[in-house]
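Trainee: Sharing a structure with you now.
The values are calculated or read from the model by the stated rules, or taken from the named source; none is laboratory data. Remember, predicted model here, so these are calculated numbers, not experimental data. With ideal geometry, Cβ positions are generated from the backbone for all residues, glycine too; neighbour counts draw on all protein chains shown. What goes into the accessible areas is simple: the full protein's heavy atoms, side chains included, and nothing from ligands, DNA or RNA. Shrake-Rupley method; radii C 1.70, N 1.55, O 1.52, S 1.80 Å.
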Amino acid sequence: MYAHWGTFTKNDTLADCLGLAQTALLRQGFQVWDLAGDGDYQVIGGTSDVIATIVCVPQSGNIWLTVSAYSTDSALAERTRNDVRAYIVNSVRID
């Protein structure tokens with residue numbers, strides 16, 4: 001089993017970050033097993049080949065996130081982590 005993970009912060013709300021995490025997984029075609037908005041700080045999803053977890057932790061002024069992906073294929077885990085992270089980082093809320 002291979003694991004790839006990375007952390008970053010985002011100036012957004014907890015609800016928005018969890019929503020972005022869920023959308024990022026759905027855009028990958030993943031089944032989402034732990035949904036955003038159920039009172040938790042994480043979203044978990046994947047396929048039979050890869051599992052991804054996004055954890056969102058509120059801090060003073062921003063949200064700290066970690067994106068982790070696990071697979072028996074290291075390249076798939078790394079690509080999943082990168083794609084999910086990039087979607088969340090590059091998403092901008094438009095009011």
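Trainee: With the chain treated as a Gaussian network of Cα nodes joined by springs under 10 Å, which of Q42, Q28, Q59 yields the largest mean-square fluctuation?
Mentor: With Cα springs under 10 Å in the chain, the top fluctuation among Q42, Q28, Q59 is at Q59.
Trainee: Taking only protein heavy atoms into account and a 1.4 Å probe, give the accessible area per residue of the chain in Å².
Mentor: In whole numbers, the chain has 56 Å² accessible per residue.
Trainee: If I compute semi-axes √(5λ) of the Cα gyration tensor in Å from the structure I just sent, which labelled value in (1) 21, 13, 12; (2) 33, 11, 9; (3) 24, 14, 10 lines up?
Mentor: Step by step, semi-axes √(5λ) of the Cα gyration tensor in Å for this structure corresponds to label (1).
Trainee: Turning to a different aspect of this structure: When Lys and Arg each count +1 and Asp and Glu each count -1, what net charge do the other residues less than 12 Å away from A52, Cβ to Cβ, add up to?
Mentor: Around A52, the surrounding residues sum to 0.
Trainee: Any idea what angle helix 74-90 forms with the longest principal axis of the chain, computed on alpha-carbon atoms, 0 to 90 degrees, nearest 10?
Mentor: 20
Trainee: By how many degrees, 0 to 90 and rounded to 10, does the Cα axis of helix 14-27 deviate from the longest principal axis of the chain?
Mentor: Around 30 degrees separate the two axes.
Trainee: Carbon and sulfur together cover what percent of the accessible area of the chain at a 1.4 Å probe radius?
Mentor: That share works out to 50 percent.
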